[in-house]
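Presented below is the structure to which this report refers.
The values are calculated or read from the model by the stated rules, or taken from the named source; none is laboratory data. Just so we're clear, the structure is a prediction, and the values are computed from it rather than from any experiment. All Cβ positions, glycine included, derive from the backbone under ideal geometry; neighbour counts span all protein chains shown. Just the protein is used for accessible areas: all its heavy atoms, side chains included, with ligands, DNA and RNA removed. Shrake-Rupley method; radii C 1.70, N 1.55, O 1.52, S 1.80 Å.
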Amino acid sequence: MMKNTIIVMIKAVLMAGGKGSRIRPLTLSRPKPMIPVANRPMIEYIVDRIKKSGCNDLVVTLSYLKNQIKSLLSEKYPEMNINYSVENSPLGTAGGVKKAAQHIKDTFFVLSGDVLVDVDLNKLLEFHQRKKALATVVLTPVDDPSHFGIAVLDEENQIIKFKEKPAASEVFSKIANTGTYIMEPEILDYIDTADKGEIDFSKDVFPPLIEKKAGIYGFIFEGYWNDVGRPKTYLQANYDVLHHKITPPPSGKPLKEGVGRLGQILVGEHVKIHENARLIGPLIIGDGCIIGKGAIVGRETVLGENVRLEENSTVKGSVIFSDSIIQNSSYLKDCIVDSNCRIERGSFIENGAVLGGYVRLGPHSRVGSERYISNSNVILPQSMVDSDYPIVT
């Protein structure tokens, strides 16, 4: 009872204004927090975590394609008290929180709209209050720290050394910053946004405070965490939901196992599956999908609403967004296909490839590993796509 009483007194600031350039073309038509993970917008996993912890007050920092996020949150979470802070130009993590200062009067959480983390916010709050910290950074062990900030702690868990995205020769720790924080409002006084453009917590705010031993602590967390910023980590997030490594669990009605039906297969409404199609779970088939004769849907596949797999087509380990068509005898492996695409007969898409929305891939074409095709491109028949098609920046 005490936990919930404490936590509802503070707010959560959700940073959701970035353009998501590392995962384009998926973000050309939607902000990154709106990218679906297992057929649910990514931001829902984060807000559900906040709500589950007993926090009902949310401040969302917005910029890029902001109305999509506003519409979703107002529809899905009408019971929450949500305020918005809109950035006309990117301000960075700290700059964005500083701009939202009018909504912050007490201890507050900071979470990223593109980071899936299963941390217990109540335990984080208890730790923060026990240490009387100015800010507490959620840290987690990683194998490769080059993409993240890294930290060294003293015996009291105060951070005594910190560096953002170190070069190989600079790595002194494999304890990484998850981008999840709890802070006192006084930290806003250390964020100087005057004529400085983007201000980041990791690069600009934490280092001088750590040097002064001003009370920046590290909370070690060894649960689920995924910085969903690249195609590889995005695919992994979908796989992890399918394997129930993160909550909430995937939605759909379980399909009974039988001949050609193996593993956990979750199916939406109004789905048509040919009796000679083969399904190997875990996988998700969204509402209105059609799976043709001889088609194979392999492990760790997510099909969005109204996806059509025609005869003898194969999709394995891939995420296919809504309203896309995979024509007969095509083969897709560990790739991402955005909405309203048309993959024509006999085509092959290799692992790590990303197709933007409304792409038309001509028959008997091949998209090479980790290649990108931007929105609305038409690829001629029998093409070999072995370089990226231009992506708008």
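Each Cα pair under 8 Å and six or more residues apart adds its separation to the average, and for the stretch 127-166 the resulting relative contact order is 32 percent. For the peptides 113-123, 355-365, 202-212, the ranking by packing is 355-365, 113-123, 202-212, with the highest mean count of neighbouring Cβ atoms within 10 Å listed first.
The gain in end-to-end length when the Gln158 to Lys132 segment is fully stretched comes to 8.3 nm, 0.36 nm per residue minus the alpha carbon separation. DSSP beta bridges fully contained in the stretch 10-124 are about 10 percent antiparallel. Full extension of the segment from Met80 to Asn276, taken as 0.36 nm per residue of separation minus the current Cα-Cα distance, would add 65.9 nm.
Near the amide H of Val271, within less than 5 Å, lie the amide hydrogens of Gly288, all on another chain or at least 5 residues away, with H placed in the peptide plane.
Amide H to amide H distances under 5 Å link Phe221 with Leu139, Thr140, where only residues 5 or more positions off or on other chains count and H is placed in the peptide plane. In order along the stretch 45-58, the Karplus-derived 3J(HN,Hα) couplings, from 6.51 cos²θ - 1.76 cosθ + 1.60 at θ = phi - 60°, round to 4, 6, 5, 4, 4, 4, 5, 4, 6, x, 8, 10, 9, 10 Hz, and Gly and Pro are given as x. Annotation: amide H-H contacts under 5 Å for Lys316 (H modelled 1.01 Å from N, sequence separation of 5 or more, or interchain): Gly298, Leu332, Lys333, Asp334. Averaged over residues, the count of other Cβ atoms within 10 Å places the peptides 87-93, 286-292 in the sequence 286-292, 87-93, highest first.
DSSP bridge analysis restricted to the chain gives an antiparallel fraction near 30%, rounded to the nearest 5.
Note that the chain carries a Kirkwood radius of 22.2 Å, evaluated over its alpha carbons pair by pair. Here the chain is assigned +1 on the Cβ of each Lys and Arg and -1 on the Cβ of each Asp and Glu. Its dipole about the Cα centre then comes out at about 600 debye.
Using the alpha carbons alone, the radius of gyration of the stretch 87-172 stands to its Kirkwood radius in an Rg to Rh ratio of 0.98. Label the stretch 274-347 by shape, choosing from rounded, prolate and oblate, from the square roots a ≥ b ≥ c of the eigenvalues of the Cα gyration tensor; if a/c is under 1.5 it is rounded, and otherwise prolate applies when a/b is larger than b/c, oblate when it is not. The shape class here is rounded.
Surface calculation, 1.4 Å probe, protein heavy atoms: Met34 sits at approximately 30 Å² accessible.
One Cα centroid belongs to the stretch 23-84, the other to the stretch 265-315; the line between them spans 28 Å.
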